[in-house]
Amino acid sequence: MRTQVGIIGAGPAGLLLSRLLTLQGIDSVVLENRSRDYVQARIRAGVLEQHTVDTLTAAGLGMRLHREGLEHTGIHLQYPGVRHTLDFPSLCGRTVWVYGQTEVVKDLIAAQLDGGPPLLFGVSDVTPEDVDTDSPRIRFTDADGVPRVLECDAVAGTDGFHGPSRALVQAAGGRVWERTYPYAWLGILADAAPATDELIYAWHRDGFALYSMRSPSVSRLYLQVDPAERVEDWSDERVWDALDTRMALDGWSVNRGPVTEKSVLPMRSFVSSPMRRGRLFLAGDAAHIVPPTGAKGLNLAVADVTLLAQALVRLLQDKETDLADSYSDRALARVWRCTHFSWWMTSMLHTSGDDFDAELQLSQLRRVCSSEPAARELAENYTGLPLDL
Ligand code: FAS
Ligand code: PHB
C-alpha cells in the first residue's frame, strides 16, 4: 500500500487531519485499532471553541453541528452563595459551542467513509518505521489478520495518549513534563433537561462540580472525587445529592433523570516535546494531555492538525520544509498556553481540604467575578486564542 500521509489513530485529530489534507489534494490513509462503534461511542469532550467550529464548517463538516449544536455565550462561576455569569461576547467578542465529541467523530467518520480516503478499523501491530528518512512506512496487521506495509512520505502520530508514536519521538531525544492531580472527575450522562442555560463551574468545600450538557434533554455533569474512588461506590442518588450540595443556590436545584453513563476520569497535565521526529509528526493527545477543566483537549487537537495540515501541504506539494520545521514550536506555544490555562482553572476550582488553599481559591474567584480584566483573561483563554500565539 502507498499514500502520501499515513495517519495513526481515528480520533478527532487523525480524522480531521485526513479531511484537511484531502481538501488540499494530499492523499492519506487512516489506521485505527478499535472498531467504528467503539470510536464513535467514546464519551469525551463537549465544548468547541469558535475556531474549531469554523474549521469543521470550512471543511464541510458543519451541517449537523449548526443544526444540533448549542451556541453558548458564557459560563457561570459559582462559590457558596454566589453564581456569577461571565458574558463572553461583551468580554472578548467570542462564544463557544456545546456539541459532543462523539458527534464530531461521527460526522468525521461519515465524511471519510463517503468517498474520503481509506479508513481502516480493527488494525493491530501498528509500527512506524524509517521515520528519519524521506520514505517512512507503517507496518500493521489488517482486520483480517493479514500483515501489511503502508509506504508513505510522512506519518502523523494522532494515536492518543496510549499510542505508539510518542515513544518513537522520545527515543530520539526529547522530554516530557507531567503533573498528576490528587483528584479525578466522576462524570455522568443523564436523560434530564439541563437546569441551567450556561455551564456552571462550582467551587465547594466538598469539592468541585460542573454542570454541562449535550442537548436540551441530555445533561453531562461531573464531581471532583478522590482518584481511588470506584464508580460502584457512587449510587445515582449519592451523585445527585452531591451535585445539589455543591451547586446549591436558593430556589434552584439540579434537574435529575435516568443516568445512562457513569465513569471516573483521571486528571493530569502532560506535554511531550518535540512534536516531531523526521517525517513523523505528533498531534493531539499523542503529544499532550490537559485536565478537562478548561475544555481544551479536543480544541487543542484541532489546532494542532490545522497547523500540521498546512505544514504537510507545504512539504509535499511545494517541497518546502519551512512550516514542517516550525510546526513543533508553533504547536507547543499553544500547547503550553492551554496547559497553563487548564492548570489555572483546575487549581482555582478543585479543593484540597486545606483551609489556606481554600482562601486563596475564593480570593481568586472573587477577583474574576469582580474585575473585568480578570474575567476577560478567563474568557479569552476559554473561548480560544488565535492559532498562532
Ligand atoms: P484520541 O485519544 O481521541 O484518539 C486517538 C485514536 O488513536 C483513538 O481512536 C485510539 O483508538 C487510536 N489508537 C491508539 N493506539 C493506536 C494504535 N496502536 N494503532 C491504531 N490506532 C490507535 N477534552 C475536553 O475538552 N473535555 C472533556 O470533557 C474531555 N473529557 C475526556 C474524557 C476522557 C476519558 C478522555 C480520555 C479524554 C477527555 N478529553 C476531554 C480529552 C479528549 O477530548 C482528547 O483531547 C481528544 O480525544 C484528543 O483527540 P485525539 O488526539 O484524536 O486523541
Ligand atoms: C463536557 O461537557 O463534557 C465538558 C464541558 C466543559 C469542560 C469539561 C467537560 O470544562
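In sequence order, segment 10-27 has phi-based couplings of 10, x, x, 5, x, 5, 5, 4, 4, 5, 5, 5, 4, 5, 9, x, 9, 8 Hz under the Karplus curve 6.51 cos²θ - 1.76 cosθ + 1.60, θ = phi - 60°, and Gly or Pro positions carry x.
At 20 °C and 1.002 mPa s, what whole-number value in µm²/s does Stokes-Einstein give for the translational diffusion of segment 76-155, with Rh from the Kirkwood sum over Cα pairs? Show your work: numbers first, answer last.
On the way: Rh = 17.3 Å.
My calculation gives 124 µm²/s for D.
Restricting attention to the chain, close to 75% of DSSP beta bridges with both partner residues there are antiparallel.
For the chain, the Cβ-based charge dipole about the Cα centre amounts to some 280 debye (Lys, Arg positive; Asp, Glu negative; other atoms uncharged).
Convert 25 °C to kelvin, take the viscosity as 0.890 mPa s, use the Kirkwood radius over C-alpha pairs of segment 201-324 as Rh, and evaluate the Stokes-Einstein diffusion coefficient in µm²/s, rounded to a whole number.
Working: Rh = 17.8 Å.
The Stokes-Einstein estimate is 138 µm²/s.
For the chain, pairs of C-alpha atoms spaced more than 27 angstrom apart make up 49 percent of the total. Springs join every pair of Cα atoms under 10 Å in this Gaussian network model of the chain, and among SER269, SER217, SER124 the largest mean-square fluctuation is at SER217. Consider a paramagnetic label point 7 Å from the Cα of SER235 along Cα→Cβ; state which residues of segment 158-199 have an amide N under 16 Å from it. Taking a point 7 Å out along Cα→Cβ of SER235, no residue of segment 158-199 has its backbone N under 16 Å. Antiparallel beta bridges, as assigned by DSSP with both residues in segment 18-130, represent about 85 percent of the total such bridges. Give me the angle, in degrees from 0 to 90, between the Cα long axis of helix 322-349 and the longest principal axis of the Cα atoms of the chain, rounded to the nearest 10. So the inclination is approximately 20 degrees.
Any chance you could run the full-extension gain for ARG205 through THR141? It's 0.36 nm times the residue separation minus the Cα-Cα distance, nm to one decimal.
Values: separation 64, 0.36 × 64 = 23.04 nm, distance 5.10 nm.
Computed gain between ARG205 and THR141 is 17.9 nm.
Please report, to two decimal places, log10 I(q)/I(0) for segment 273-371 at q = 0.17, 0.22, 0.24 Å⁻¹ as given by the Debye formula with identical point scatterers on the Cα atoms and no solvent. The Debye formula, applied to the Cα set alone, gives -0.76, -1.03, -1.15. Shown for segment 336-385: the carbon plus sulfur share of the solvent-accessible area, taken with all protein chains present and a 1.4 angstrom probe, equals 53%.
The string of couplings for segment 285-294 from the Karplus curve (6.51, -1.76, 1.60, θ = phi - 60°) is 4, 4, 10, 7, 10, 10, x, x, 4, x Hz, one whole number per residue in order, with x for Gly and Pro.
Per residue, the chain exposes an accessible area of 40 Å² to a 1.4 Å probe, with every protein chain left in place.
For segment 1-114, the extents of the C-alpha atoms along the principal axes are 62, 28, 22 Å, listed from largest to smallest. Across segment 377-384, coupling constants 3J(HN,Hα) worked out from phi with the 6.51/-1.76/1.60 Karplus curve, θ = phi - 60°, read 5, 5, 4, 5, 6, 5, 7, x Hz, and Gly and Pro carry x.
Which percent of the accessible area of segment 253-328 is formed by carbon and sulfur heavy atoms (probe 1.4 angstrom)? Taking all protein chains in place, segment 253-328 shows 49 percent carbon and sulfur surface.
The values are calculated or read from the model by the stated rules, or taken from the named source; none is laboratory data. The structure displayed is predicted, hence computed values, not measured ones. Don't worry about glycine lacking a Cβ; one is built from the backbone with ideal geometry, like all the others, and counts go over all protein chains shown. Surface accessibility is based on the protein's heavy atoms, side chains included, excluding ligands, DNA and RNA. Shrake-Rupley method; radii C 1.70, N 1.55, O 1.52, S 1.80 Å.
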